[in-house]
């Protein structure tokens with residue numbers, strides 16, 4: 001029987017809201033010691049199929065030659081970048097390093113330090129980029145290839161499910177505010193506003209209130225429309241934690257519940273953070289929800305990776 005853990009579910013006070021070849025590695029090294037002196041960070045570049053994939057590799061300062069470290073790959077969400085909203089991934093990398101875990105956070109096509117336009121970004125391209133990053137990690141001598149973890153945020157959570165369902169190297173997967181609803185359900189506002197423009201021009205210029213516009217390709221819309229990630233995640237047998245915020249109005253927290261119920265994981269758990277929005281209140285100074293998502297994630301990796 002599948003084990004299902006429902007942790008900190010506050011159903012009495014919460015109403016869920018509906019919402020919205022071989023790889024060659026080109027690497028540049030720019031080692032920076034963090035202010036807490038717990039990690040070294042390298043700026044790297046992984047050669048993808050059609051473009052370079054920028055990333056930041058974080059290695060604990062306690063590492064010694066010959067060690068085999070566990071490592072976590074981080075996949076960002078829609079229109080974000082490798083450090084994530086409010087530097088959540090950058091902060092998570094430091095927290096993981098304190099506990100002896102390495103991490104790699106990457107930029108998908110068209111964001112952060114990526115050299116190409118966002119038109120290159122689709123579910124297929126992002127999944128390919130993540131798999132290239134995993135191959136990179138498998139070829140680095142510092143890492144234990146049996147202890148590779150994955151985390152995905154929002155649309156990155158959807159991509160993480162696609163990767164975990166196909167890549168047997170993933171031992172443990174964490175989803176933050178992850179999308180698992182079928183088709184365009186979680187992206188309804190994008191389709192309502194921009195799909196016709198994409199069909200007319202081959203792409204749509206999508207506006208955001210928190211960053212400059214991005215060009216979403218027609219192919220992105222088509223792939224989102226046809227995705228059925230809950231069927232894909234049934235192929236994942238590793239460990240799974242889905243974290244959501246009770247006040248998330250972008251991706252319905254029920255997506256996280258559906259994700260763990262669909263997975264055939266050895267151990268799957270859902271954790272709901274009270275009063276947390278889609279980004280776990282990371283833009284509110286000293287918000288306890290931000291610290292909670294970091295603490296829960298690190299603790300879970302310590303116990304499962």
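Coordinate-derived values only; no laboratory data. Since the structure is predicted, the reported quantities are computational estimates derived from the model, not experimental observations. All Cβ positions, even for glycine, are placed from backbone atoms using ideal geometry, and neighbour counts span all protein chains on display.
Simple spin-label estimate for residue 209 and residue 223 gives 2.8 nm between the two label positions (7 Å along the Cα-to-Cβ direction from each Cα). Residues 71, 296, ranked from the fewest to the most other C-beta atoms within 10 Å, line up as 296, 71. Taking other C-beta atoms within 10 angstrom as a stand-in for reagent exposure, 176, 220 fall in the order 220, 176, fewest first. Computed on segment 64-136, with alpha-carbon pairs under 8 angstrom and 6+ residues apart, the relative contact order is 29 percent. Going from the residue with the fewest nearby Cβ atoms within 10 Å to the one with the most, 241, 138 rank 138, 241. Determine the calculated [θ] at 222 nm for the chain from helices alone, applying -39500 (n - 2.57) to every DSSP H run no shorter than 4 residues and normalising by the residue count; nearest 500 deg cm²/dmol. Taken over the chain, the calculation gives -9500 deg cm²/dmol. Peptide packing for 166-175, 57-66 was compared via the average number of neighbouring C-beta atoms within 10 Å per residue; ordered from the highest value, the list is 166-175, 57-66.
Extension gain for residue 138-residue 64 works out to 24.8 nm (0.36 nm per residue, less the C-alpha to C-alpha distance). Normalised by 2.2 N^0.38 Å, where N is the number of residues, the C-alpha radius of gyration of the chain stands at 0.94.
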